[in-house]
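So the structure is just underneath, and the comments pick up after that.
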Amino acid sequence: MLRGFWYSPMRSDQLGRGRPRGRDALKTAMLLGTPLVVGRDREGKAFAMRDSCPHRGMPLSLGHFDGAELQCHYHGWRFDAQTGQCRLIPSLTADSKLNVERIRAGHFACEEHDGYVWVYVPYPGTRGEPEEPCPRLPVFGERYRIAHLAADLPLSIDHGIIGLMDPAHGPFVHQAWWWRSGKSIHEKQKHFEPIPLGFRMSAHAPSSNSAAYKLLGVYGEPVVTTIDFRLPNIRLEQIRCGDKWFSSRAMVVPVTATTCRIDFCAAWNVFRHVPFMTSIFRLFGRMFIGQDERTMTEQSQGLKHNPPLMLIDDADRPAKWYFALKQAYLRSRETGQPMEHPMDGPVTLRWRS
Ligand code: FES
Ligand SMILES: [Fe+2]
């Protein structure tokens, strides 16, 4: 699980709107094995703290929140929700020499974008300030629709990610009349190029065996799609067709070392005037992600026994790049040298799917 990146522990709507107070205002989430308490202050700004009091480890989510400060319910220490700084230790006498302000609860930079709460998980030994801006879903105009989906998986982030970028499971896992049939398997050739922290499947006409892509043909313009993968966990796909576009992002969020969640979100201006388009999209999206969820849950049964695994060329080459990128990132953090990209130029891969 890589540190030094932004991750999303939960959706914005899980935090609720308005200005809830007390314990109900506080939500918990697990992120990279760290328990978090997340909430919104009285100005509506989200905050995230480690869900553990620095005094004796009581979960702060069990305490009381007044809209600005969170009070632990064991000995009543109070912490500023936006900075984690301790404001009050009720047991101290007036002549106490203890500098309360120097005590801090674990605290994380926190933002909200695209309907998600984002938390910056610093690299060990660095200060908590974000070293890069929070990721955004690319959109190409003012007017669009947006939808979100999620699936919890009993697998490590690595298996979640290589499952997500794997081109060879499509004909077996995602068979559906509206998408493609098992018989449509054929040879494909795709060009890839390195991008910072990841790689791109260069702009290409989408696979001819995907019925969903064929639908875009009604606009009578060429359809072009680009797919990017970027460390630590983001896959972006853009489909453009004249001034019509569809932009999606799948993130594999590391919850613990052995569990992850796929957060999928998409924005589009295609078929904006078709009624119930968002519901239709959710229905099909749910079905599609459900197929991955079922498959990876089954896979986790086999992985329990720690079997030896293999990655083959060319279909698993993106998975190899992912592991090489992780190594390169960690090496550059350790040495302080710029990251050495594992790809030295464009590459063409061929497989059947
Ligand atoms: S454990 Fe939180 S105040 Fe003591
Ligand atoms: Fe899949």
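Readers should treat all values here as calculations from the given coordinates under stated rules, not as data from a laboratory. This is a predicted model, so every value here is computed, not measured. Note that we place each Cβ from the backbone using ideal geometry, even for glycine, and neighbour counts take in every protein chain shown.
One compactness figure for the range 145-352 is 1.05, namely its Cα radius of gyration divided by 2.2 N^0.38 Å. Counting only alpha carbon atoms, the long axis of helix 317-335 and the longest principal axis of the chain meet at about 30°.
Quick one: among G33, G125, G76, which has the greatest mean-square fluctuation in a GNM of the chain with alpha-carbon springs under 10 angstrom? Greatest mean-square fluctuation among the candidates belongs to G125.
Note on S353, S91: ascending count of other Cβ atoms within 10 Å places them as S91, S353, the fewest first.
Mind running the shape call on the range 87-187? Use the C-alpha gyration tensor, a ≥ b ≥ c as the square roots of the eigenvalues: rounded below 1.5 for a/c, prolate if a/b tops b/c, oblate otherwise. Taking the square roots of the gyration eigenvalues as a ≥ b ≥ c, the range 87-187 is prolate. All other residues whose Cβ lies under 13 angstrom from that of E293 are scored, Lys and Arg at +1 and Asp and Glu at -1, for a net of -1. Each Lys or Arg adds one and each Asp or Glu takes one away; over the other residues whose Cβ falls under 11 Å from the Cβ of D228, this sums to +2.
Per residue, the convex hull spanned by the Cα atoms of the chain amounts to 162 cubic angstrom.
Think of the range 145-352 as a dipole: +1 on every Lys or Arg Cβ, -1 on every Asp or Glu Cβ, centred on the Cα centre; then among I161, F172, H305, F172 lies furthest on the positive end.
The length gained on full extension between T278 and H305, counted as 0.36 nm times the residue separation minus their Cα-Cα distance, comes to 5.6 nm.
In the range 275-353, which trypsin sites (Lys or Arg not before Pro) fall in coil by DSSP and have 12 or fewer other Cβ atoms within 10 Å? Listed in order of number, the matching sites are K304.
Note on the chain: lysine pairs with Cα distance below 23 Å, sequence gap of 8 or more or different chains, count 9. Annotation: the range 43-102 has a Kirkwood hydrodynamic radius of 12.0 angstrom, from the mean reciprocal C-alpha pair distance.
Here E132 and T348 are evaluated by their C-beta separation; at R0 = 35 Å the FRET efficiency comes out at 0.70.
Using a Gaussian network model of the chain in which every pair of alpha carbons under 10 angstrom is joined by a spring, one finds that among F284, F229, F79 the greatest mean-square fluctuation is at F284. Taking 4.7 Å between beta carbons as the limit, the unpaired Cys residues of the chain are C86, C110, C134, C241, C260, C265. Label-to-label distance for H191 and E340 is 2.8 nm, based on points extended 7 Å past Cα in the beta-carbon direction. Convex hull volume per residue, computed on the Cα atoms of the range 213-318, equals 134 Å³. Modelled this way, with points 7 Å down the Cα-to-C-beta line, the labels at L330 and H73 are 4.0 nm from one another. Modelled spin labels at L62 and L98, positioned 7 Å past Cα toward Cβ, are 2.0 nm from each other.
Going from the residue with the fewest nearby Cβ atoms within 10 Å to the one with the most, I162, I280, I103 rank I280, I103, I162. The relative contact order of the chain, computed from alpha carbon pairs under 8 Å that lie at least 6 residues apart in sequence, is 17 percent.
Rounded to two decimals, the Cα-based Rg/Rh of the range 275-353, with Kirkwood Rh, is 1.12. With a cut-off of 9 Å between beta carbons, the residues surrounding G84 carry a summed charge of +1, where Lys and Arg count +1 and Asp and Glu -1. Close amide H contacts of V270 (hydrogens built in the peptide plane, cut-off under 5 Å, sequence separation of 5 or more or a different chain): W245. Computed over the range 5-121, the alpha-carbon pair-distance distribution with 5 angstrom bins reads 2, 13, 24, 24, 18, 10, 5, 2, 1, 0, each value a whole percent.
Would you look at the GNM of the chain, springs on alpha carbons closer than 10 Å, and say which of E131, E187, E111 moves the most? In the Gaussian network model the winner is E187.
Among the trypsin sites (Lys or Arg not before Pro) in the range 1-73, those located in a DSSP loop and surrounded by at most 10 other Cβ atoms within 10 Å of their own Cβ are R17, R56.
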